[in-house]
């Protein structure tokens with residue numbers, strides 16, 4: 001059976017950046033947004049390491065925001081560098097998915113005939 005977790009790791013950064021491109025957000029709220037988008041098996045433990053990595057790369061920044069319901073929460077937003085990175089990711093994603101979709105939708109025989117096999 002195909003291991004979807006490896007594929008998800010490759011796109012999770014871009015999906016998180018998309019959410020943060022729309023608005024500043026909290027880690028748990030990002031998980032909820034991803035779950036609502038269809039990533040139903042995604043857990044907090046998968047998202048927080050990505051947020052840490054994005055922050056270390058300088059693509060997002062965080063700040064503590066007071067909460068009425070308990071301790072302050074960390075809120076994340078895109079940096080200028082993060083906006084550029086997200087734009088590059090989006091362009092690369094569209095180009096890659098176009099190539100993959102083209103290959104996957106071909107009949108098996110078509111591929112071999114084009115290659116002269």
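Every number in this text was worked out from the coordinates using simple rules, so none of it is lab data. Please read all numbers here as calculations on a predicted model, not as lab measurements. All Cβ positions, glycine included, derive from the backbone under ideal geometry; neighbour counts span all protein chains shown.
Quick notes on this structure:
- For the chain, calculated [θ]222 nm from helices alone, where every DSSP H run of n ≥ 4 adds -39500 (n - 2.57): -21500 deg cm²/dmol
- Hull-based mean projected area of segment 4-115, where the convex hull spans the alpha carbons, in square nanometres: 9.0
- Using alpha-carbon coordinates, inclination of helix 27-36 to the longest axis of the chain, degrees: 40
- Degrees separating the helix 44-56 axis from the principal Cα axis of the chain, which is the longest one: 80
- With respect to the chain, whose longest principal axis is taken over its alpha-carbon atoms, helix 4-22 is tilted by about 50°.
- Label-point separation in nm, residue 87 to residue 99, each point 7 Å along Cα→Cβ: 2.2
- Mean Cα-pair separation over length for the chain, i.e. relative contact order, pairs under 8 Å, 6 or more apart, %: 24
- Modelled this way, with points 7 Å down the Cα-to-C-beta line, the labels at residue 24 and residue 67 are 1.6 nm from one another.
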